[in-house]
Structures are given as C-alpha cells and as structure tokens.
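See structure below.
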Amino acid sequence: MTDELKTIKFQMMLSESEAKAIDDWSFANRIRSRAEAIRRLCQMAIQVDPVFLDLMIKLVVAANQGKGSRENEELHRAATEAHAAWSLLRKGESLEQAQGALDLVKEFLRSKHEQEK
C-alpha cells in the first residue's frame, strides 16, 4: 500500500484537538508532514481494526470459560471495556471517550504480563 503512487487528493476538516493529537503523534514518530501522518494512521487503523476485534472476542470467550475466579472477573471486565472502547471508536466518537476503557484493558494486560514473569 505504501509503494503506490499517491494521486487522490481530498480536503479534511479537523478540530484543534484532533490536529494537535496528529501533530504530536507525527513529531513523536519523526514523520515530516501531517498528510503522511494521517496516511500512516489510516493504514494502521485498517490493519488493527480486525485484530482488535479478534482480541476482544478471544477475551470474552476466555472470560466465559472460567467463571467465578477473580482473574476471570478481571478478564471479563477487560473484555467488556475493550468492547466498549472499540464500539465508541467505530462510531466515530473521540479517543478521549474511549480512553478510559482502553486504559483498563492496558492495565489488565500489563498486570497479566507481570504475573507471567
């Protein structure tokens, strides 16, 4: 996808906070232009969307297989929050609205990773 000739132009409206988030991400990733940053973010979203959905389904299935334990309650909560975040983002809601749910999922995965060490 990245080797293709870029011939299609379009205009896009952004809020100040959206533009700042893109510019901050662009700077952190050493990307020189906003257009290239948006292009890369779109490519990542296209690739991540089905992966995130698959992960969410696996979390729900795993949580439902071992009901009752504290770990599975945490897993089920993480799966529920992942679903909420994914749904908000798919509806076009702002990342800030989904951030709380995403933070809970990250914290669960981080604690799970620490336990496995």
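The values are calculated or read from the model by the stated rules, or taken from the named source; none is laboratory data. Since the model is a prediction, treat every value here as computed from it, not as a measurement. Backbone-built Cβ (ideal geometry, glycine too); neighbour counts: all protein chains shown.
State which residue pairs qualify: first residue under 14 Å from residue 41 (Cα atoms) and at pLDDT 90 or above and inside the range 11-26, second residue surrounded by 13 or more Cβ atoms within 10 Å (Cβ to Cβ) and not basic (Lys, Arg) in any location, beta carbons under 6 Å apart, and separation of 6 or more residues or different chains.
Matching pairs, first to second residue: 22/37; 26/37.
Test of understanding: among 40, 32, which residue is modelled with pLDDT of 70 or more and surrounded by 12 or more Cβ atoms within 10 Å (Cβ to Cβ)?
Details: 32 fails: surrounded by 12 or more Cβ atoms within 10 Å (Cβ to Cβ).
Of 40, 32, the one residue that is modelled with pLDDT of 70 or more and surrounded by 12 or more Cβ atoms within 10 Å (Cβ to Cβ) is 40.
Could you check the range 1-29 and list, in sequence order, the residues that are acidic (Asp, Glu) and surrounded by 12 or more Cβ atoms within 10 Å (Cβ to Cβ)? So that I can check it myself, show each step before the final result.
Within the range 1-29, the subset acidic (Asp, Glu) is 3-4, 16, 18, 23-24.
18, 23, listed by residue number.
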